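**Q** Questions regarding the structure given below will be posed in turn.
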C-alpha cells in the first residue's frame with residue numbers, strides 16, 4: 001500500500017524543510033512506499049523556493065500550488081484531488097505532528113480499517129505547549145460533537161488523520177474552505193459507516209512561524225459544518241459499513 005502525506009503550507013518557510021525531511025527519512029527507514037505532497041497555499045515568503053530545492057533532493061517529494069484565495073480547507077481539498085497513494089495522511093506544515101505517529105497510524109490502517117484518527121486526549125496521547133485558551137475551547141467543542149453524534153472519539157477537530165482512497169472519494173464533495181475541514185471529513189466518513197480506529201498521538205505547538213488558526217474567524221464555519229453533517233447524517237439514507245474502534 002502506498003501512502004501519500006498531504007501537507008498544507010502557507011508561509012511556512014521556518015518549518016517546512018524540517019517537517020518534510022524528517023517525514024521522508026522516517027518513512028524511508030520504515031520501508032513505507034510513499035509520496036510527500038505539499039500544497040503551497042499562496043505563500044508570500046520563501047516557502048515555494050524551499051520546496052523547489054527540496055524537490056530536487058528528494059524524489060518522493062512533490063509540491064503543487066493552490067490557486068487564490070488561500071485557505072487551509074481549500075489547500076487540503078487541492079491535495080486530496082491530486083494525491084496518488086492508496087491511502088492519505090493529513091499532516092500539518094508547522095511541525096506539530098510526529099512522523100512516528102504517521103508510521104503508527106499507517107500500520108494500524110492495515111488492520112482492516114478504513115480510517116485511522118489520532119487523539120491527543122486518550123491514554124498515551126501527549127500535548128506539548130498547547131495554549132490553555134485553545135485547550136478549553138477544544139474540549140468544549142469536541143464534547144459537543146461527541147454528544148451530538150454519539151461518538152467514542154473525543155478529538156474530532158484534530159487535523160491528524162489517515163484515510164483509504166475510497167473513503168476520500170465517498171466523502172466528496174468537500175465544501176470547507178478553512179480549518180472546519182478537520183471536522184467535515186471525519187464526520188462524513190463516520191456518517192457513512194466507515195470502520196475507523198482511534199490511536200493516541202502527540203502534539204507539539206509550533207516553535208516557528210505564525211499560527212493561521214484564528215478562533216473568532218473559524219467558530220461559525222465549525223458550527224455550520226457540524227450542523228450540516230448532522231442534518232446529512234440523520235435525514236439522508238446513508239450506507240452503514242461498520243463501527244469505530246478505540247485501540
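The values are calculated or read from the model by the stated rules, or taken from the named source; none is laboratory data. Please read all numbers here as calculations on a predicted model, not as lab measurements. In this analysis, Cβ positions are derived from the backbone assuming ideal geometry, glycine residues included, and neighbour counts consider all displayed protein chains.
**Q** Output the number of the condition that residue 78 fails; it satisfies all remaining conditions of (1) touching a helix residue (DSSP H, G or I) at 6+ places or on another chain (Cβ under 9 Å); (2) over 21 Å from residue 26 (Cα atoms); (3) buried (at least 20 other Cβ atoms within 10 Å of the Cβ); (4) free of Cβ contacts under 8 Å to residues at least 60 places away in the same chain.
**A** Looking at each condition in turn, residue 78 falls short on (1).
**Q** Only one residue in 97, 14 is out of contact with any helix residue (DSSP H, G or I) (no Cβ under 7 Å at 6 or more places or on another chain) and crowded, with 21+ Cβ neighbours inside 10 Å, so which one is that?
**A** 97
**Q** Among residues belonging to region 135-166 that are crowded, with 17+ Cβ neighbours inside 10 Å and in a helix (DSSP H, G or I), point out the one that is modelled with the highest pLDDT.
**A** Looking at the filtered set, the residue picked out is 165.
**Q** Only residues that are in contact with a helix residue (DSSP H, G or I) (Cβ under 8 Å, 6 or more places away or on another chain) and under 21 Å from residue 110 (Cα atoms): list them for region 26-53, please.
**A** Scanning region 26-53 gives 26, 27, 30, 32, 34, 36.
**Q** Give the residue, chosen from 128, 90, that is at pLDDT below 95 and over 22 Å from residue 220 (Cα atoms).
**A** 128
**Q** Given 175, 128, 181, 122, which one is under 17 Å from the mean Cα position of the chain (by Cα) and surrounded by fewer than 18 Cβ atoms within 10 Å (Cβ to Cβ)?
**A** Residue meeting the stated conditions: 175.
**Q** Would you check if residue 216 is within 24 Å of residue 230 (Cβ to Cβ), at pLDDT below 90 and in a helix (DSSP H, G or I)?
**A** Yes, satisfied.
**Q** Right, residue 86: surrounded by fewer than 17 Cβ atoms within 10 Å (Cβ to Cβ) and in contact with a helix residue (DSSP H, G or I) (Cβ under 6 Å, 6 or more places away or on another chain) or not?
**A** For residue 86, the condition - surrounded by fewer than 17 Cβ atoms within 10 Å (Cβ to Cβ) and in contact with a helix residue (DSSP H, G or I) (Cβ under 6 Å, 6 or more places away or on another chain) - is met.
**Q** On to the next question. Tell me, please, whether a residue that is in contact (Cβ under 8 Å) with a residue 60 or more places away in the chain and surrounded by fewer than 23 Cβ atoms within 10 Å (Cβ to Cβ) can be found in region 40-52.
**A** No, region 40-52 contains no residue that is in contact (Cβ under 8 Å) with a residue 60 or more places away in the chain and surrounded by fewer than 23 Cβ atoms within 10 Å (Cβ to Cβ).
**Q** Considering (1) surrounded by 15 or more Cβ atoms within 10 Å (Cβ to Cβ); (2) in a loop (DSSP other than H, G, I, E, B), say which one residue 106 fails and leave the rest.
**A** For residue 106, the exception is condition (2).
**Q** Could you pull out the residue among 200, 239, 221, 186 that is crowded, with 21+ Cβ neighbours inside 10 Å and either out of contact with any helix residue (DSSP H, G or I) (no Cβ under 8 Å at 6 or more places or on another chain) or modelled with pLDDT under 70 (or both)?
**A** 186
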